[in-house]
Amino acid sequence: MLSRPVACKEDRKALEARYERMKAKQSALVSRIALFNVRVEDNFNAYKATKICEVYNLPSRPFRPYPTPVFNDLTTPTEGSLDVEELVLYFYTHEFGRWRSNRLLLEKQIAVFTVLFNAYDEMKFIDALYDLIEFAQKEGFYDGEMPDTLMGMIDVQKKLIEAI
């Protein structure tokens, strides 16, 4: 794609301001990814330490952080090059958002299993199931109503496990 040359000083300043805003958004995304990777790794290690996988003979996978995106450093930004970089940023932002939602759903599932594994407390179990289903509704993993029975909640949980 060809870009038109920057005609005047005001156009150049607007382009530079756009570039700086994009760089700030890129930096914020990289920070969000790094912070969330630390959270996921901490939860992964805590879950692994409970030995739930061994007790219930569940598959155990190695921790895999979300990869940190690498963005181009534009020495002389043009409208076309900024359009491309903003599209790349949009892609990474939305892809990370989907990955993050999946990991948070898994985190909610682990909370349910942890209540079962530690000392079973029916109210804590119901609360954990409620949090799981409420999150699944909010994030679009489940579009049904909140069940009004414990067995109904467990049925929804089973469906969500299959979706992970």
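Looking across segment 142-161, the residues that are part of a helix (DSSP H, G or I) and within 19 Å of Leu106 (Cα to Cα) come down to Met153, Ile154, Asp155, Val156, Gln157, Lys158, Lys159, Leu160, Ile161. Figure legend. Inter-residue proximity from segment 148-160: first residues touching a residue at least 12 places away in the same chain (Cβ under 8 Å) and closer than 16 Å to Phe113 by Cβ, second residues basic (Lys, Arg) and surrounded by 15 or more Cβ atoms within 10 Å (Cβ to Cβ), beta-carbon distance below 9 Å, spacing 6+ or different chains. Indicated pairs: Leu160/Lys108.
Under the condition of being assigned to a loop (DSSP other than H, G, I, E, B) and in contact (Cβ under 8 Å) with a residue 24 or more places away in the chain, which residue from segment 68-93 is surrounded by the most Cβ atoms within 10 Å (Cβ to Cβ)? Only one residue tops the list, namely Pro77. Restricting Ala128, Ala136 to residues that are crowded, with 17+ Cβ neighbours inside 10 Å, closer than 25 Å to Ala46 by Cα and more than 19 Å from the chain's Cα centre (by Cα) narrows the list to Ala128.
Scanning segment 31-46 for residues that are buried (at least 16 other Cβ atoms within 10 Å of the Cβ) and farther than 14 Å from Leu104 by Cα turns up nothing.
Ile52 passes every criterion in (1) touching a residue at least 60 places away in the same chain (Cβ under 8 Å); (2) touching a Leu at 6+ places or on another chain (Cβ under 6 Å); (3) not aromatic (Phe, Trp, Tyr) apart from (2).
Give Gly144, Gly152, Gly140 a once-over and let me know the one that is of a type outside the set (Lys, Arg) and at positive phi.
On inspection, the qualifying residue turns out to be Gly140.
Taken together, the values in this text are just the output of simple stated rules run on the coordinates, not laboratory data. Keep in mind that this is a model prediction, so the values were computed, not measured. All Cβ positions, even for glycine, are placed from backbone atoms using ideal geometry, and neighbour counts span all protein chains on display.
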